[in-house]
Every structure is written in structure tokens, then in C-alpha cells.
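Report on the following structure.
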Amino acid sequence: METNNNLDSRINEYSYDMINNNRDKKDVINLIDKALGVLSNDGVYGYYVYCKSKKNNDISKAFIEDIVEKFKNDIDIDYKNGCDEFFIKLSENLNSLLFFKDIIERILIYARYHAKALGDNNG
């Protein structure tokens, strides 16, 4: 499989997978809407804490861990100990923080559009 270095293409692919890999699209759409609100109003760390507070491990994985894993190389941050440290270190670099916020926003917005395109009548 060929590695795709185009950031927008990888965001599109991840957004598509976020919707297609979840059986309960209505719940995912609801979470996307709430997570976008938290991200917009409270920033990246607020988004992280909100998603982490959800008791569903699949949601935490898709909305936090998988995003960090897939896009960490696009962010210039030196960390070694998982997502908690990643988000703490991220807050120390304003440019990286804003760039990662943009990545998360695009993922969530594209996933929302993809869900609508599937015609689930959920939004």
C-alpha cells in the first residue's frame, strides 16, 4: 500500500473511515457536533478532555488516539508517553496547537459532511 503524504487527502480518508467504521452513525454525528462545539469554544485541550470523558473506548480511540497517531508526524512536538503528554506538549507551541486544531476541525467537519452524504437523515 502506498503512503499518502498529502495532508488534506489523509484528513479526507480519516474522516470517511470515522463514519464508515461506526455502526451507530447517529451517535457519532451527535458526538461530532458536540466535539466541534467544545473545540471551538474551549480549544484543543477542552476537546481532548471532553472526548476522554466519554466512557466509550471506541469513541476515545477514534476521536483522540487515532487522530494523534495518524497526524503526529505533521506536528513538531517531541513527546514519548502517549496522548496525555502529547496534548500537554502541544499547548506549549502556539503554531503547532493552532495547526492541530485546524486538523481536528477539518476531520470532524468532513466526517459530518460524509455522514450527511450517506443519507442517514440524521442531520
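The values are calculated or read from the model by the stated rules, or taken from the named source; none is laboratory data. The model shown is predicted, which means the values in this text are computed figures rather than measured ones. Reconstructed Cβ throughout: ideal geometry from the backbone, glycine too, with neighbour counts over all protein chains shown. Side chains included, ligands, DNA and RNA excluded: accessible areas come from the protein's heavy atoms. Shrake-Rupley method; radii C 1.70, N 1.55, O 1.52, S 1.80 Å.
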Query - Check on ASN73, exposed (fewer than 13 other Cβ atoms within 10 Å of the Cβ) and within 16 Å of the chain's Cα centre (by Cα) - result: yes
Query raised in the report: So is ASP8 open to solvent by 70 Å² or more (accessible area, probe 1.4 Å) and of a type in the set (D, E, K, R) or not?
Result: no
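Listed here are the residues, each with its yes/no results for (1) of a type in the set (Ser, Thr, Tyr); (2) crowded, with 17+ Cβ neighbours inside 10 Å.
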| position | (1), (2) |
| --- | --- |
| GLY46 | no, no |
| LYS54 | no, no |
| GLU65 | no, no |
| TYR79 | yes, no |
| ARG112 | no, yes |
Query raised in the report: Of the residues that make up region 61-73, is at least one part of a helix (DSSP H, G or I), farther than 25 Å from ASP33 by Cβ and of a type outside the set (Val, Ile, Thr)?
Result: yes
Report summary line: Looking across region 90-100 at residues that are closer than 15 Å to TYR47 by Cα and not small (Gly, Ala, Ser), the single one that is most open to solvent (accessible area, probe 1.4 Å) is LEU98
Report summary line: Of the residues in region 77-100, those that are over 11 Å from TYR48 (Cβ atoms), among the charged types (D, E, K, R) and in a helix (DSSP H, G or I) come to GLU85, LYS89
